[in-house]
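To start, the structure itself, in structure tokens.
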Amino acid sequence: MRRGIVAGVLALGAALCSACSDTDLKPLPTVGSNDGDPVIAQPSLARDLQPIFSSRCALAGCHITPTQANLGLVLKDAATSYANLVNVPSGEIDGVFRVLPGDASMSWLVSKLDTGEMPKEGAMLSQGTRDTIRNWIDQGAQNN
């Protein structure tokens, strides 16, 4: 009898723990990380880049709210992304901008993406996605 009560209490405890758990078992987003992602020749920030930022960068604990850890870089919508990226100092290296319009090779964002340092969660962005971002920067990083 006592074993039955103990087993019942343990089962109830396990059920309560799993019901109250904040463990999120959803898979990490993979948008922009497929080897088959095409390079977009004339990309738009709002149409082509922001969906990547929204799904891969503007996540809880990353670039959804300004923090000291993310150097105040918020990428929650196209207007905010533009304001926080284009002609903004990197916050890590003097004289380096997050996005230097017309020069992807000198843009901190490209360096972070190419080294795989960003995004921190999930798979590295594909070459096609990174080249699309490069095209947007090389074409002047327009607020489009």
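Were the residues from ASN143 through THR65 laid out at 0.36 nm apart, the gain over their Cα-Cα distance would be 26.0 nm. Considering only Cα atoms, the convex hull volume of segment 31-138 works out to 88 Å³ per residue.
Multiplying the residue separation of GLU117 and ASP94 by 0.36 nm and removing their Cα-Cα distance gives an extension gain of 6.4 nm. Placing pseudo-labels 7 Å out from each Cα toward the beta carbon at MET106 and THR30 gives an inter-label distance of 3.8 nm.
Compactness of segment 24-91, taken as the C-alpha radius of gyration over 2.2 N^0.38 Å, stands at 1.19.
Any read-out appearing in this document is the output of simple, stated calculations on the displayed coordinates, not a laboratory observation. No experiment lies behind these values; they were computed from the predicted model shown. All Cβ positions, glycine included, derive from the backbone under ideal geometry; neighbour counts span all protein chains shown.
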